[in-house]
Structures are given as structure tokens and as C-alpha cells.
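**Q** Pasting in a structure now, in C-alpha cells, and then I'll have a few things to ask.
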Amino acid sequence: MRCCRVPAKWLRPVTILAAVGLLLGLFGTASVAADGRPAAPPDSLTAAEVAFRLRYDAPSPPPARDRWLGRDKATHVAVSGLWTLSTQYVLVNKAGWTEGDALPASAAAAAAVGVGKELYDATRPDGTASGRDLAADAVGIGLAIGVIVL
């Protein structure tokens, strides 16, 4: 029994979303305040910075840069790929969808989780949202689609 059908035309929007994530990762993103202007650094110190300065009487070390190759990017690739594969499995084997109908939905679900995570990161005080994370998500989704299509 099929509960709903996902049209095959969803593949194009998912591909566009993955390409946008890749482009954002290539060109980087700048932190932006709510009014659209570039965000200024915070005026006050965090508790960790206060403790560091009191203990060592020196400024805290600079934040780690967002590298292309690292544990964070590997985690993004793995989680988005596994999310795509698991969603595909559930839709095909449990909901009775065809593989062609479930593929765009599973890719879109993983992309939505990745974008949602970056939107959440953008709301954090330290502003750690990253276009490179979206690019890593797109790579994971692409690898999973390759496994599914095989």
C-alpha cells in the first residue's frame, strides 16, 4: 500500500540545492547581522575567555579556522550520506515507494537536515555557520545517490 507518491521531477530542485551548497562552500560565507550588515565581533567576553585571561593573563587563542579536510567535514559527509541511505531504505522497504520515487525525497530530506543545521549554527552567538559544511553535506548526498543508483 502506498501512502503518497513523490514525482520524479523533484530531482532537479534537489540537484540545484546541492549545487548551491557546493557554491556556498567554494566562495565561503560571511557572518551577517539580522539587518543584513556584516556582523560585528561581540563586545563582551565569554566566560571561557575571562577565565583564560585571569589564569594566563593573555588573550584567548584565535578560533579554529574552517578547513576543507577535517573531522567536522567528514562527519557532515557521513551523516548526510547515511541520512539519505536510511531515508531511501525506509521509503522503499517500509512505505512501499519505488526507488525512483524515493530517491528525490531521500536526498531532499538529507539536504533539509543539513540546511537546518547550518541555520541553527547561524543563530549561535559564535556564528559558526559554514558554506563548507553545506558542500560536505552535498558530497555525502551525492555519494549516497551513487550507491543507491548502482
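**Q** Go through region 62-82 and give me each residue that's in a helix (DSSP H, G or I) and either modelled with pLDDT of 95 or more or surrounded by 12 or more Cβ atoms within 10 Å (Cβ to Cβ) (or both). Lay out the reasoning, then the answer.
**A** Restricting attention to region 62-82, the residues satisfying the condition of being in a helix (DSSP H, G or I) are 71-82.
Listed by number, the residues that qualify are D72, K73, A74, T75, H76, V77, A78, V79, S80, G81, L82.
**Q** Only residues that are touching a Leu at 6+ places or on another chain (Cβ under 9 Å) and of a type in the set (F, W, Y): list them for region 60-117, please.
**A** Hit for region 60-117 is W97, nothing else.
**Q** Of the residues that sit in region 127-142 and are of a type outside the set (D, E) and closer than 21 Å to A105 by Cβ, which one is nearest to the chain's Cα centre (by Cα)?
**A** Narrowing region 127-142 to residues of a type outside the set (D, E): 127-132, 134-136, 138-142.
Pick out the ones that are also closer than 21 Å to A105 by Cβ and you get 134, 138-142.
On the way: L134: 4, A138: 8, V139: 10, G140: 10, I141: 10, G142: 13 Å.
Of everything passing the filter in region 127-142, L134 is nearest to the chain's Cα centre (by Cα).
**Q** A follow-up question, please. Can you tell me which of (1) over 23 Å from L91 (Cβ atoms); (2) surrounded by fewer than 17 Cβ atoms within 10 Å (Cβ to Cβ) is the one R132 doesn't meet?
**A** Only one criterion is unmet by R132, namely (2).
**Q** Just need a number here: residues in region 100-130 that are on the phi > 0 side of the Ramachandran plot and without any contact (Cβ under 8 Å) to a residue 60 or more places away in the chain. Before you say what the answer is, go through the steps one by one.
**A** Just the residues of region 100-130 that are on the phi > 0 side of the Ramachandran plot, to begin with: 127.
Of the ones still in play, those that are also without any contact (Cβ under 8 Å) to a residue 60 or more places away in the chain are none.
Matching residues across region 100-130 total 0.
**Q** Can you name the residue in region 83-119 that is of a type in the set (F, W, Y) and part of a helix (DSSP H, G or I) and, of all such residues, is farthest from A144 (Cα to Cα)?
**A** Pass one, region 83-119, residues of a type in the set (F, W, Y): 83, 89, 97.
Among the residues that remain, those that are also part of a helix (DSSP H, G or I) are: 83, 89.
Numbers: W83: 9, Y89: 12 Å.
Among residues in region 83-119 that are of a type in the set (F, W, Y) and part of a helix (DSSP H, G or I), the one farthest from A144 (Cα to Cα) is Y89.
**Q** Pairs needed: first member in region 63-91, in contact (Cβ under 8 Å) with a residue 40 or more places away in the chain and over 29 Å from A105 (Cβ atoms); second member anywhere, of a type outside the set (D, E, K, R) and surrounded by fewer than 17 Cβ atoms within 10 Å (Cβ to Cβ); C-beta distance under 9 Å; at least 6 residues apart or different chains.
**A** P63/T128; D66/G28; D66/T128
The values are calculated or read from the model by the stated rules, or taken from the named source; none is laboratory data. What you see is a predicted model; the values in this text were computed from it and never measured. No Cβ is skipped: glycine too gets one built from the backbone with ideal geometry, and neighbour counts run over all protein chains shown.
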